[in-house]
Amino acid sequence: MNKLALYFRLVRLDKPIGTLLLLWPTLDALWLASRGVPDWRMLLIFGIGTFLMRSAGCAVNDYADRDFDKHVKRTAGRPITSGRVSGKEALVVATVLMLLAFALILPLNALTKLLSVGAVIIAVTYPYFKRFCAIPQAYLGIAFGFGIPMAFAAVQDAVPASAWWLLLGNVFWAIAYDTEYAMVDRDDDLKIGIKTSAITFGRFEVTAVMLCYAASLLIWLVCGWQLGLGIWFGVGLAGAAACALYHYTLIRGRERMACFAAFRHNNWLGAAVFAGVALDYALR
């Protein structure tokens, strides 16, 4: 396998689910901040930026976990772990991608640039939270939702309270879907000492996932109501709730592949929420 193909695997170009989980809340924020009429340049900047930052985050994550991944069945063949890409190469790739992402926001206001620094710090430090944080998925939720305050900052040159509440909703959603993801690797994680919510919640992990889904949907419902959204947003949230209930049917048996399928299906939950936001503005 040539180097370019290995770099593609390093940044997960073959697995777009992570980018989509970052993109949906960012798009929600752009639509809400612009009252349903986002500037196409903002869409381009944040769309490409989301892809670049997720890719950089994957490279940093694999570098940080290079000594752990070889003990996990699902990750043992990753480029760094298998020795086909060096740690130095991974850091260079991550740095280049982050610089490209920063270049994208140069035309934007100072507040957006300031928040981007926070986004980079969170993305770089997240992999290390698994060493000591009982629920690192909460920190992941901040990383995956930081496009929300950045989008509001870019459009309104301010970050209203609603943006932070939407971010909190994203944190609960991330705990839900990444706990499903962590349930796949739980046996391996217990052996190597990595901390995850699936381990912390123990035998109550399924209940915790469903409660986190409920908390995220409730926060989004209240935020949408405060921002003036109506019936179509409610329909979108109902679709998202149906997705969450479907996930329950997948994870209640705690089977590895079913839990992984539930995690991947969160793309549709995010899409349902965004469809509700976009339709609510479009059909007025």
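Summary table
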item: Any hit, the range 108-115, residues being closer than 19 Å to Tyr177 by Cβ, open to solvent by less than 30 Å² (accessible area, probe 1.4 Å) and of a type in the set (S, T, N, Q); result: no
item: Test: residue in the range 249-260 that is at pLDDT below 95 and among the β-branched types (Val, Ile, Thr); result: no
item: From the options Leu218, Leu237, residue that is open to solvent by 60 Å² or more (accessible area, probe 1.4 Å) and under 20 Å from Phe144 (Cα atoms); result: Leu218
item: Qualifying positions in the range 120-135 - more than 16 Å from Leu167 (Cα to Cα) and in contact with a helix residue (DSSP H, G or I) (Cβ under 7 Å, 6 or more places away or on another chain); result: Val120, Val124, Tyr126, Pro127, Tyr128, Phe129, Lys130, Cys133, Ala134, Ile135
item: Filter result (crowded, with 21+ Cβ neighbours inside 10 Å and of a type outside the set (Gly, Ala, Ser)) within the range 136-147; result: Pro136, Gln137, Leu140, Phe144, Phe146
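The values are calculated or read from the model by the stated rules, or taken from the named source; none is laboratory data. From a predicted model like this one, the values you see are computed outputs, not experimental measurements. Reconstructed Cβ throughout: ideal geometry from the backbone, glycine too, with neighbour counts over all protein chains shown. Protein only, heavy atoms only, side chains kept; ligands, DNA and RNA dropped before computing areas. Shrake-Rupley method; radii C 1.70, N 1.55, O 1.52, S 1.80 Å.
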